[in-house]
1. Can you name the number of the only condition in (1) modelled with pLDDT of 95 or more; (2) of a type in the set (A, V, I, L, M); (3) over 13 Å from the mean Cα position of the chain (by Cα) that ALA130 fails?
2. Which of (1) over 15 Å from the mean Cα position of the chain (by Cα); (2) closer than 22 Å to GLU100 by Cα does VAL76 not meet, given it meets every other one?
3. Of the conditions (1) among the polar types (S, T, N, Q); (2) in contact with an Asp or Glu (Cβ under 9 Å, 6 or more places away or on another chain); (3) in a strand (DSSP E or B), ASN118 fails just one. Which one is it?
4. With the requirement that a residue be in a helix (DSSP H, G or I) and within 17 Å of LEU33 (Cβ to Cβ), what does segment 99-115 give you?
5. Among the strands (runs of 3 or more DSSP E) confined wholly to segment 1-98, which include 2 or more residues that are without any contact (Cβ under 8 Å) to a residue 40 or more places away in the chain and surrounded by fewer than 15 Cβ atoms within 10 Å (Cβ to Cβ)?
Amino acid sequence: MKLGKPRTSKGLAVFCARIADIKIAENIQILDLTAIEAAVTDYFVICSCLSEAQMRAVNNEISASCRMNKMPQPRVEGEESSQWIIMDFFDVVIHLFRPEARDFYQLERLWGDAKFFNISPDGKAVRFKAQSKSTSEKKK
């Protein structure tokens, strides 16, 4: 898959979210943390993967797309875990969760002051108002 090389932090977040979307990750959200003084990064990309294989596929495709575009590789933690992989680009952090772990950690609630974005069908970031409920609460 060929996506153009992003030029900004937001562009990198959208780039990674689009890859997750292509790999059929679910409930993909981009959190813009730039207005939060104590934030550890500029953007989070958070998504749910229904299996370990899907988590690896998203992780591998993001890394491969970075190599293909001659971009720096992220630091990756949790590859041996079956619940949560973190890909750290410094200004953008990707969180690949299994649904149970995402419900447990509730990063969207923790960073509720962020601006929230989804990816539209044409691959653009579209702002939406975050909901305070966890994924499992939404299903009820």
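1. (1)
2. (1)
3. (2)
4. TYR105, LEU107, GLU108, ARG109, LEU110
5. 75-77
The values are calculated or read from the model by the stated rules, or taken from the named source; none is laboratory data. What you see is a predicted model, and the numbers here were worked out from it, not measured in a lab. Using ideal geometry, Cβ is built from the backbone for each residue, glycine included, and neighbour counts are taken over all protein chains shown.
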